[in-house]
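Written below as structure tokens is the structure these notes are about.
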Amino acid sequence: MRNRKVILPILGVIVFLGFLWHWTTMQHSFRGTSQTVPELPPNKSQLQIDGVFNKMQSLIPNVAFTHIDKTTSAQNSKVFLANPRERYCVGEDFVIQVDMYDYLNNRKTYGGDLLRPRLFSAELGASVSGKVEDLNNGSYRVHFPLYWAGQIKASILLWHPSEGIAALWRSRHSSLGVLGFQGRYVYLGQEAISTCGFQLNSAGETCEYKDKLYEEVFYCQKPPNLPCDCLRDMRAVDLHASYLKPEEKPIFDGSRVGIEIVKNLGPIRVTKCDEIPLPPKPKCQPGMNSTLPSGYFFNNTWNPAYCTMTTYKTAEDFVKCLQGKKLFLIGDSTLRQFIMHFTEGVQIVKYFRHHETGWGSWEKTLEAINMEKDIYISYKRHGFPLESFVFYYFMEDMYTSRQIDRQGGGKDTIFVITMGQHFRQFPLHLFIRRALNIRRAVERLLLRSPETKVIIKTENTRERNAPPERIGDFHGYAQYLVLKEVFQGVNVGFVDAWDMTVASATESVHPPAYTFEGIMSLTFSFACS
């Protein structure tokens, strides 16, 4: 007890010094200046951003909307087995063909529809996503690897027709975002609220908040008689903006989003035809390439296709992994879900200086410790932009890349990083820049501390009724593809939460139950391999 009484005050001093260092770093990172910003020629970073963007844009259908009746209809479209047989064998490629028709029952002659396919067996707790091959003529072939024996069902959802995809892409890049921001300035008893954003349509004086190292910048209108450096709080403002044409909006009516195409393919039986032992898979470890599909659920447990995962469920499982380690969770509330699980779920750590439970004050930085087991866990948001419609203390903000650069790393240090949900409201260039900055910061970290474990978690699917133009899953899917592109060849663990949530048909921004367990297990299989 005497040692603990001595340690706690020391810990408090350490945490205070950490906060002081963080605050001074923030002052350096987001130093506000009042100026007019000239346009600069593209630099090397911008060329990289444009390269990734152009690759993503090449996947977008170049189609023009003419009438709602000429868009793809899930009800009229047809599906059939490419190679129908009485039974299929585990290990084979199972193929379903989809032929698209519009609402007038005319055959579609071009591709670009967004499909969400899966095979599943509810009785076995088994499911897997499918790989879509677009034949660019109105037909698709959906490939499913057969991982388990039994009777299976197929589900192929038409999430958006190609006309809707083209409209959403155009809408996303018609402005600098459909979400606005307000900053609250406080100085010597004075207070003012100002408009902020990535670009301001204002002739007045503005404050520039630029991180020169990472070429990240946003602006606020400068309040009269208040310095730019006294920006304290920030909140989001729904602009209720739409860049869709009026005639396009019915495409995104709830009755047309995520509609089942498969009607009845009859019973599909899968058996173990040959007892040929499969070669053992290596343990999951950073640097592995994620396949597509990246794995499957069986008995409600995730099984990666390319490695052997350790299942993490109990407090003892996580303590064994995290004892003696520092875990930094950097991202959005889908990573806050991790620290909530550690504190309120399996209870292996306790919050330090935080007395709420659940999602209260979800924007806050959180720290949790287990002094006996020498475990330290922190959660911190990824930095501006953040969709919070109440004011939060903005001086805690720091871009993910800077958070990585501030840490020494080492064999007892783990980073888990995600981003996406809060970027869906803005042009894709912004997300690409942030992803490339994080990649470069991770590469610097692994150069100075090669034993550091870094895990990238992709964003996951969310609610079907999420406003498609603002935060719909098409935008998330585009960002998912960007992350896969940007982190190719980097020695990180790649947790394909998108594929996992498609396979389990999860439609929640915070995946529940066995889907969340699968995400956690794969994450810490990479972290503790």
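The values are calculated or read from the model by the stated rules, or taken from the named source; none is laboratory data. Given the structure is predicted, the values throughout are model-derived calculations rather than measurements. Reconstructed Cβ throughout: ideal geometry from the backbone, glycine too, with neighbour counts over all protein chains shown. Please note that ligands, DNA and RNA were not included when accessible areas were found on the heavy atoms of the full protein model with its side chains. Shrake-Rupley method; radii C 1.70, N 1.55, O 1.52, S 1.80 Å.
Taking all protein chains as shown and a probe of 1.4 angstrom, Asp69 keeps an accessible surface of around 60 Å².
Give the distance, in whole Å, between the Cα centre of segment 405-448 and the Cα centre of segment 474-529. Answer, in whole Å: 15. When each of the peptides 141-148, 473-480, 256-263 is scored by how many other beta carbons lie within 10 Å of its residues on average, the order from highest to lowest is 473-480, 141-148, 256-263. Karplus-based coupling profile of segment 166-179, in residue order and whole Hz: 4, 5, 5, 5, 4, 4, 4, 10, 8, 8, 9, x, 9, 10, with θ = phi - 60° in 6.51 cos²θ - 1.76 cosθ + 1.60 and x standing for Gly or Pro.
For the chain, with all protein chains in place and a probe radius of 1.4 Å, 53% of the accessible heavy-atom surface sits on carbon or sulfur. Between Gln97 and Leu213, the simple label model (points 7 Å from Cα in the Cβ direction) yields a spacing of 5.7 nm. When the charge dipole of the chain is built from unit charges on Cβ atoms (+1 for Lys and Arg, -1 for Asp and Glu) and taken about the Cα centre, the candidate among Leu179, Phe318, Leu81 whose Cα reaches farthest toward its positive end is Phe318. For Gly111, the residues 5 or more places off, or on other chains, whose built amide H falls under 5 Å of its own are Asn136, Asn137, Gly138. Spatial offset of segment 62-87 relative to segment 288-332 amounts to 36 Å, using the alpha carbon center of each.
Label positions at Arg406 and Phe389, each projected 7 Å from the Cα along the C-beta direction, are separated by 3.0 nm. The slack between Thr271 and Glu133, meaning 0.36 nm per residue of separation minus the straight C-alpha distance, is 47.1 nm.
Considering only Gln407, Gln421, Met100, and ranking their Cα positions along the charge dipole of the chain that arises from unit charges at the beta-carbon of Lys, Arg, Asp and Glu, the one farthest toward the positive end is Gln407.
Assuming charge only on the beta carbon of Lys and Arg (+1) and of Asp and Glu (-1), the dipole of the chain about its Cα centre is about 960 debye to the nearest 20. Given R0 = 25 Å, the distance between the Cβ atoms of Gln347 and Ser508 translates into a calculated FRET efficiency of 0.60.
For segment 144-170, backbone nitrogen atoms closer than 11 Å to the point 7 Å from Arg464 Cα along Cα-to-C-beta are found at 157-159. Accessible surface computed residue by residue for segment 339-461, with neighbouring protein chains in place and a 1.4 Å probe, gives 34 Å² per residue. FRET efficiency for the Asp229 to Glu396 pair, using the beta carbon distance and R₀ = 25 Å, is estimated at 0.95. Listed values for segment 194-202 are Karplus-derived 3J(HN,Hα) couplings in whole Hz (6.51 cos²θ - 1.76 cosθ + 1.60, θ = phi - 60°), namely 10, 7, 10, x, 6, 7, 10, 8, 9, and x replaces Gly and Pro. Of the GluC sites (Glu not before Pro) found in segment 177-212, the ones in coil according to DSSP and having at most 15 other Cβ atoms within 10 Å of their Cβ are Glu205.
Here the spin labels are modelled as points 7 Å beyond Cα on the Cα-Cβ line, and at Ser45 and His173 they lie 2.1 nm apart. The Cys residues in the chain with no partner Cys Cβ within less than 4.7 Å of their Cβ are Cys230.
Near Glu92, the amide H atoms lying under 5 Å from its own belong to Leu146; only residues 5 or more places off or on other chains count, and H is placed 1.01 Å from N. Taken about its Cα centre, segment 135-267 carries a charge dipole of roughly 500 debye when the Cβ of each Lys and Arg holds +1 and the Cβ of each Asp and Glu holds -1.
Calculated from the structure, Cα extents along the principal axes in Å equals which of (i) 130, 66, 54; (ii) 76, 61, 40; (iii) 111, 65, 36? It is the one labelled (ii). About the centre of its Cα atoms, segment 68-213 shows a dipole size close to 220 debye [charges on the beta carbon of Lys, Arg (+1) and Asp, Glu (-1) only; nearest 20 debye]. Close amide H pairs (under 5 Å, H built 1.01 Å from N) link Lys325 with Tyr376, residues at least 5 positions away or on another chain. Remark: the Cα gyration tensor places segment 210-342 in the oblate category, a/c being 1.5 or greater and a/b not exceeding b/c.
Each peptide among 522-528, 487-493, 52-58 gets the average number of other Cβ atoms lying within 10 Å of its residues, and from highest to lowest they stand as 522-528, 487-493, 52-58.
Helix content alone sets the calculated 222 nm mean residue ellipticity of the chain: runs of n ≥ 4 DSSP H residues at -39500 (n - 2.57) each, divided across all residues, give -8000 deg cm²/dmol.
Using heavy atoms of the protein chains and a probe of 1.4 Å, the accessible area assigned to Ser175 is about 20 Å².
Across the chain, the mean sequence separation of Cα contacts (distance under 8 Å, 6 or more residues apart), normalised by length, yields a relative contact order of 17 percent. Oblate is the label for segment 348-474. Its Cα gyration tensor axes, ordered a ≥ b ≥ c, give a/c of at least 1.5 and b/c at or above a/b. Note that segment 513-528 has calculated 3J(HN,Hα) couplings of 6, 5, 5, 5, 4, x, 4, 5, 5, 5, 4, 8, 5, 5, 6, 10 Hz, one per residue in order, obtained from phi through the Karplus relation 6.51 cos²θ - 1.76 cosθ + 1.60 (θ = phi - 60°); glycine and proline are x.
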